[in-house]
Amino acid sequence: MKQRLVSIALVLASALLPVEAQWWKVTLPGDVWLSQIGFSANVGLLQHQGIFTIPDAPVCCSPYDGASGTTFAISAFARHEVTKHMRLTLRGTFVPMNGSFTQDQRLLVSGGQTALTRNYLETKMNWVGGEFLIDFRAINPLRLMGGVAFGSYLSPSYSQREVLLEPAVGTFENGLRERNITANKELRNVVSPALGAVVGIGYDLPMTENHSVVLTPELLYTLPLSKNVDGLDWQTNLIRAGVSVAFTMNAPEPPTPVERRREDFVDSLLVEVEPDAEESRVRGIDRIVLDTVVGTDLVTITERAYRTDTVYYPKPPELVA
């Protein structure tokens, strides 16, 4: 009897909560400061800005004035909520930040003719570092992110050559249509640590009801705060778009499914009325009895409704012989 009273009390308490709250397991993702680890993958757009030449590979006339290209980025991260509206994220990130620069120039050659040459510069720099981000939940589940990036360039190198485009016939002084050829030479005086400011937005999409797996499409922009090479007017902006997958370390147990049932039990109280009266039925008051069975994978709530209806029926007329 005592056990049954406890079950009824729990059922009555559950009436004050939404079914999704699962009153027998009250811990929800919104009740816990979640700690997560995960990874992200992004495609990126690089924008090299500045006016520069490599000191060890000068060009005769115009310096390089910028370039753009595509890249990718991969990250592993750990993040933790310090409130339900703010969390801290530490990401380890790898981004190839290669550049392909070209610069055309016209030269006066023998015979008073003008030649068109093109300088090609290929730089290879793999940025590896960390990003410390703070993100705020602006409008659930939209999040705004901001922070700093700090890292180093691994094995920076460059290749350069100058190609004669016009006239179609002719060579440089070396007897070839290419000169100033440099291949895979170390890029010196690279700035370390390379710093940047990071801003972005994300959109959390829980893949499970208890937020054990969260998918976040994201867009990030990194504004450089340092030069790529000491003494050169050369910086690289990075825009990334992709998705991160987070696995929650302290996710609450997923709620147990609920199945609700109802059973009606109706009795009738017969009342005889005058023969000329109409037959009618008056519905009685329901008496509800709840029966709850909590299983390992299913909670069954059976609602049994008992009532007694009053039926008024006219009595048969009497024949007077």
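The values are calculated or read from the model by the stated rules, or taken from the named source; none is laboratory data. These numbers come from a predicted model, not from an experiment. Note: ideal-geometry Cβ built from the backbone for every residue, glycine included; neighbour counts use all protein chains shown. For the accessible areas, the whole protein counts, side chains as well, though only heavy atoms, and no ligand, DNA or RNA atoms are used. Shrake-Rupley method; radii C 1.70, N 1.55, O 1.52, S 1.80 Å.
Based on the Cβ-Cβ distance from Leu90 to Leu270, what FRET efficiency comes out when R0 is 51 Å, to the nearest 0.05?
The formula returns an efficiency of 0.05 here.
What ranking, highest mean first, results for peptides 61-72, 150-161, 118-129 when packing means the other Cβ atoms within 10 Å averaged over each residue?
Result, highest mean first: 118-129, 150-161, 61-72.
Averaged per residue, what accessible area in Å² does the chain show with a 1.4 Å probe, protein chains only?
Numbers: 18550 Å² over 321 residues.
That works out to 58 Å² for each residue.
Calculate, for Ile201 and Leu107, the FRET efficiency according to 1/(1 + (r/R0)^6) with r their C-beta to C-beta distance and R0 41 Å; round to the nearest 0.05.
Details: r = 49 Å, r/R0 = 1.19.
Approximately 0.25, to the nearest 0.05.
In degrees from 0 to 90, rounded to the nearest 10, what is the angle of the helix 2-14 Cα long axis to the longest principal axis of the chain?
That helix lies at roughly 60 degrees to the long axis.
Taking the Cα atoms of the chain, report the difference between the largest and smallest coordinate on each principal axis, in whole Å and largest first.
For the chain, the Cα extents along the three principal axes come out at 149, 47, 28 Å.
Please report the carbon-and-sulfur percent of the accessible area for the stretch 45-174; probe 1.4 Å, protein heavy atoms only, DNA, RNA and ligands left out. Intermediate values should be presented prior to the final figure.
Values: 3820 of 6310 Å².
Its accessible area is 61 percent carbon and sulfur atoms.
Can you give me the relative contact order of the chain as a percent, contacts being Cα pairs under 8 Å and 6 or more apart?
Reported relative contact order: 16 percent.
Provide the packing ranking of 236-242, 170-176, i.e. peptides ordered by the mean count of other C-beta atoms within 10 Å per residue, highest first.
Per-residue Cβ counts within 10 Å, averaged per peptide and sorted highest first, yield 236-242, 170-176.
With θ set to phi - 60° and the Karplus curve 6.51 cos²θ - 1.76 cosθ + 1.60, what are the ³J(HN,Hα) couplings of the stretch 282-292 in order, to the nearest whole Hz, using x for Gly and Pro?
With the stated coefficients, the stretch 282-292 comes to 10, 6, x, 7, 6, 10, 9, 10, 9, 10, 10 Hz.
Karplus couplings for the stretch 187-203 from phi (6.51 cos²θ - 1.76 cosθ + 1.60, θ = phi - 60°), rounded to Hz, Gly and Pro as x?
8, 8, 6, 5, 6, 8, x, 8, 10, x, 9, 10, 10, x, 9, x, 9
According to a simple spin-label model (label point 7 Å from Cα along Cα-to-Cβ), what is the distance in nm between Glu178 and Phe72?
Those two pseudo-labels are separated by 2.8 nm.
Could you pull out every residue, at least 5 positions away or on a different chain, whose amide H is within less than 5 Å of the one on Asn126? Hs are placed 1.01 Å off N in the peptide plane, and Pro or chain starts have none.
Residues meeting the criterion, in which the H sits 1.01 Å from N, are Met97, Leu154.
For the stretch 306-315, what does the Karplus curve 6.51 cos²θ - 1.76 cosθ + 1.60, with θ = phi - 60°, yield as ³J(HN,Hα) per residue in whole Hz, taken in order and with x for Gly and Pro?
Once θ is set to phi - 60°, the couplings for the stretch 306-315 become 10, 7, 10, 8, 9, 10, 9, 10, x, 6 Hz.
What is the local net charge at Ser159, summed over the other residues whose Cβ is closer than 10 Å to its Cβ (Lys, Arg +1; Asp, Glu -1)? Let's see the in-between values first.
Working: positive: Lys124, Arg161, Lys185; negative: Glu122.
Result for the neighbourhood of Ser159: +2.
Could you tell me what percent of the accessible area of the stretch 201-262 is made up of carbon and sulfur, with a 1.4 Å probe and every protein chain present? Mind dumping the intermediate values first?
Details: 1950 of 3140 Å².
Summing carbon and sulfur atoms, their accessible area is 62 percent of the total for the stretch 201-262.
Under a plain spin-label model, where a point goes 7 Å from the Cα along Cα-to-Cβ, how far apart in nm are Thr256 and Ile134?
Taking the two extended label points, one gets 4.3 nm.
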